[in-house]
Amino acid sequence: MELQVDEEFSTQIPPLTDEEFEQLEENILSDGEIISPIITWNGFIVDGHNRYRILQEHPEIPYKTFEMEFPDRYAVLAWICHNQLGRRNLTEEQKKYLIGKQYNSEKASHGGERGAQRDAETGQFTSSSPRGNLRPREKTWERIAEENHVGKNYVLNAEHYAKGVDAADEIEPGIRQDILSGKITPTAKDVSEVADAEPEERPEMVRRLRMTKKEKYEELKRMREIGESLQTARKVTEESMLVSISALVDTMMSSCNRCFHEFPHLLDDPHYRAQLIEIMQKPKNYIMTIETGGSPL
């Protein structure tokens, strides 16, 4: 059977560094064969893309394949992500992307989670699933969270993050690898928001993903300077102050949301949540003072 490469399958696999690839090639040449079989599905490579690359340069090297059965390509994607998560050291971005893709792929796969209906009836995902039997009524996100030692919010946020990475790569092919390898370091929130944006907004958002913190700071500084110049050009009134206060409140909530997105345990860990609620009592008491007619000054 002639081996084929599916681009979507191959892009789920974090690439080897040059040193790692050279070491793999050296090991294969030393062994004189590819010992681990290349796993396929309908002739498409599921696991073994790097070994296949080496075969292109050394076609004389013997190798074996192992054909697996999956109900559909979504199940294949889920298997690839699960396999990679358990195999190699990953960056936090790669881990989050793979968990998000696995979760989304399992939901889309025939027999995946559909309101937990199938789990309750059969207790299984699929006979070819790498996870085997599922506990009755166990939801997909619960199992994936347990497998990877993360919380529910992490899995749900990871799905959104993966969609944002893929949406950005559609606008600028290659940015997926730059994000996941750490070549550029946009926040998870900024990446996730690309998936929710309107098509016409995405190019600008993707451009900003490549900006460094210093570049973003300088851009924000310029915008503030423009805003301040416009503010001094018009008369300051109570109405304009209310607009400013509203903007400050929005900024505070946006900053908090970014913290919760980056550190979901602040919300789902009882220890951190209790401290968070205690901190939030300050603005709550501030608001109550105003509501009761008092002065916060």
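The values are calculated or read from the model by the stated rules, or taken from the named source; none is laboratory data. Quick caveat, the model's predicted, so the values are computed rather than measured. Note that we place each Cβ from the backbone using ideal geometry, even for glycine, and neighbour counts take in every protein chain shown. Heads up: the accessible areas ignore ligands, DNA and RNA and are worked out on the full protein's heavy atoms, side chains in. Shrake-Rupley method; radii C 1.70, N 1.55, O 1.52, S 1.80 Å.
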Check: Say we look at the range 37-61 and pick out the residues that are outside any loop (DSSP other than H, G, I, E, B) and β-branched (V, I, T); which of these is most open to solvent (accessible area, probe 1.4 Å)?
Finding: I39
Note to self: Six or more apart or on different chains, Cβ atoms under 7 Å: show the pairs whose first residue is in the range 239-258 and on the phi < 0 side of the Ramachandran plot and whose second is outside any helix (DSSP H, G or I).
What the structure shows: R258/T187
Margin query: What's the total number of residues in the range 186-204 that are closer than 21 Å to K101 by Cα and assigned to a loop (DSSP other than H, G, I, E, B)?
Written below: 3
Check: Which of the residues belonging to the range 204-224 are open to solvent by 100 Å² or more (accessible area, probe 1.4 Å) and more than 27 Å from E170 (Cβ to Cβ)?
Finding: K214, Y217, R222, M223, R224
Next item on the list: Just give me the residues in the range 1-30 being without any contact (Cβ under 8 Å) to a residue 12 or more places away in the chain and either of a type outside the set (D, E, K, R) or open to solvent by less than 40 Å² (accessible area, probe 1.4 Å) (or both), in sequence order.
Entry: T17, Q23, N27, S30
Next item on the list: Residues being open to solvent by 20 Å² or more (accessible area, probe 1.4 Å), part of a helix (DSSP H, G or I) and modelled with pLDDT under 50: count how many of those fall in the range 75-119.
Entry: 2
Notebook entry, point to check: Would it be correct to say that T122 is under 26 Å from T91 (Cα atoms), hydroxyl-bearing (S, T, Y), open to solvent by 60 Å² or more (accessible area, probe 1.4 Å) and modelled with pLDDT under 90?
Noted result: no
Next item on the list: Sort out which residues of the range 241-297 are assigned to a helix (DSSP H, G or I), under 27 Å from Y161 (Cβ atoms) and acidic (D, E), and write them in order of number.
Entry: D250, E262, D268
Check: Within the range 252-292, which residues are more than 24 Å from the chain's Cα centre (by Cα) and closer than 21 Å to T187 by Cβ?
Finding: M252, L276
Checklist line | Of all residues making up the range 1-15, the number that are closer than 12 Å to G48 by Cβ and part of a loop (DSSP other than H, G, I, E, B) | finding: 3
Check: Conditions: (1) out of contact with any Asp or Glu (no Cβ under 7 Å at 6 or more places or on another chain); (2) open to solvent by less than 70 Å² (accessible area, probe 1.4 Å); (3) more than 25 Å from G174 (Cβ to Cβ); (4) touching a residue at least 24 places away in the same chain (Cβ under 8 Å). E33 meets all but one. Number of the miss?
Finding: (2)
Notebook entry, point to check: Identify, please: which residue in the range 143-170 is open to solvent by 70 Å² or more (accessible area, probe 1.4 Å) and not basic (K, R) and is, among those, modelled with the highest pLDDT?
Noted result: E170
Note to self: in contact with a strand residue (DSSP E or B) (Cβ under 9 Å, 6 or more places away or on another chain), open to solvent by less than 30 Å² (accessible area, probe 1.4 Å), not polar (S, T, N, Q) and not in a helix (DSSP H, G or I): which single residue out of F66, F70 fits that description?
What the structure shows: F70
